[in-house]
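For reference, the structure is listed below as structure tokens.
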Amino acid sequence: MMAFLNNLFGPLLGSSAMAFISKLNIDEGNLMSSIAIAMTAVSLCESYLAFRQRKVLAQEGEVPPELKNDMDKEKFEKSRQYALDKNMFGLVQAQFDLIINISTLMLKMHVLLWISSELILNKIGLPIDKYEINQTYVFVVLSSIVEVVLNTPFKLYSTFVIEEKHGFNNQTLGFFVKDEIKKFFLSQVITFPILSGIIFIIKAGGPYFAFYAWGFTTVVILVMMTIYPVYIAPLFDKYTSLPEGELRTEIEALAKKLDYPLTKLFVVEGSKRSAHSNAYLYGFFKNKRIVLFDTLIKGYKSADATEEDKKNGDDKDITAEEKKKLEEKQNAKKDRGCTTEEIVAVLGHELGHWKYSHMVKMLIITEVKILLFFILFSKVLNSKSLYRAFGFSKSQPAVIGLTVILGNILTPCKVVINLLMGCLSRHFEYQADYFATTLGYSKELGASLIKLHVDNLSFPFNDRWYSLYHFSHPTLIERLRTIAQYKTKKTD
Ligand SMILES: [Zn+2]
């Protein structure tokens, strides 16, 4: 569903693109080859950046001075290997995606899926309704199945080969399969009413449908933001209230000091999935919550995990090798995580995002993008030649315009928007870091950032252009140096 929504709302348009679409009588062959060229060009640029990054990963030889105390040579080499493995995986997947995308376009696979949806409806005896909602839905289900088939091998490899090799994977194959099935069905269930609503508005909304569709989407986003953390996320992971103690007291004191209306404080058992750690805030108005990953908290153990350890300890049947592996994993776990002061500093940063209204600002930008997207879509919907170019000469299904046509012709725009959003996001991260330093946490924030990076085996060096293009956060070294500057500025 997220991929679908991203396709739907991700892109933004320029006024020139709009003029281009409404004016032109599109030449089918030209348009298809232009899109294929644009796709290839974007993919080539991205691969070039990945190679630049690879060179940095392979060459940098010394642990940076900022990390001397926390990252020994062995960890440094481990993080290099992890980064190199992920880099190669990304490169292979990108080439595969490019081949799939271009062949989908050239072979007009969407037409095949659209016709198949009609055949399936006929077969099960469902009518094709006036608004083509039935057929749209079958089309979306078929597309999701194709997507799952294409993506699952990569997900399996990433989880059970790469993450496993570097000691991060905590999932069993059974857990993975159950999780994927749950995700698939849930996303179909959520997509149905949303998609039906949008298609109905497009078909029945008259000349100003773009504005109504925008309003509807806005409501959907707000509803999803409200129900997702409360009803949907708990279907996948276990959330428990953070037990009373020093950490809880400190976090509540910080929230109180900043007038942050904290109502619930959760720990999520992210460790069931992976050893990577994180923390986040969510909620509207006076009903805010904080979630900490159990992997973030040094020495944290849920009631279940304590039981499990006992069982493993009692188990006489395990071989010496298995026992050694288990012990290694438990020792690694013991070293991971942040102290109370460091976690409070991380939350100081997160509360900075709240104080500067970063979430609201991002939401406003998303709203503008969606409105422009629907206005552009209203032009696409009326362009018979554009539909013809994508292989739809008899009908102009709305879902094809929304996902296939706009998704493809906006490829170059997406790159520019992602770049700008990355810049904005990194700016917000600096602001949040600054906020945490004004609370007096510069030392602890620095320490926690180092801890998180070392725990997550992030390689401390990155290619400048690669990080500008891909990273939503400044690099660790950039952040540490900037935090040190904020600190000296304050003491001046
Ligand atoms: Zn942040």
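Descriptive notes on the structure:
- Residue satisfying all of: in region 246-276; among the polar types (S, T, N, Q) and buried (at least 16 other Cβ atoms within 10 Å of the Cβ); modelled with the lowest pLDDT among these: SER274
- Condition met for SER143 (over 19 Å from the mean Cα position of the chain (by Cα), assigned to a helix (DSSP H, G or I) and within 17 Å of ASP97 (Cβ to Cβ)): yes
- Flag for VAL111 being in contact with a Phe, Trp or Tyr (Cβ under 7 Å, 6 or more places away or on another chain), assigned to a helix (DSSP H, G or I), surrounded by fewer than 16 Cβ atoms within 10 Å (Cβ to Cβ) and of a type in the set (A, V, I, L, M, F, W, C): yes
- Of the residues PHE435, PHE377, PHE392, PHE459, the single one that is closer than 30 Å to GLU62 by Cβ and aromatic (Phe, Trp, Tyr) is PHE459.
- Residue count for region 383-394, restricted to those that are in contact (Cβ under 8 Å) with a residue 40 or more places away in the chain and in a loop (DSSP other than H, G, I, E, B): 4.
- Boolean, THR306 is farther than 24 Å from SER158 by Cα and either modelled with pLDDT under 85 or under 22 Å from the mean Cα position of the chain (by Cα) (or both): yes
- Of all the residues in region 151-178, those that are touching a helix residue (DSSP H, G or I) at 6+ places or on another chain (Cβ under 6 Å) and within 30 Å of LEU113 (Cβ to Cβ) number 1.
- Region 427-450 residues that are free of Cβ contacts under 8 Å to residues at least 12 places away in the same chain and within 12 Å of the ligand (Cβ to nearest atom), paired with ones that are assigned to a helix (DSSP H, G or I) and aliphatic (A, V, I, L, M) (beta carbon under 7 Å, 6 or more apart): none
- Residue within region 146-163 that is closer than 27 Å to SER395 by Cα, modelled with pLDDT of 90 or more and aromatic (Phe, Trp, Tyr) present: no
- Matching residues in region 144-166 - criterion: being crowded, with 16+ Cβ neighbours inside 10 Å and of a type outside the set (S, T, N, Q): ILE162, GLU163, HIS166
The values are calculated or read from the model by the stated rules, or taken from the named source; none is laboratory data. Computed from a predicted model, the values in this text were never measured in an experiment. When we count neighbours, we look across all protein chains shown, and the Cβ atoms used for this are built from the backbone with ideal geometry, even at glycine.
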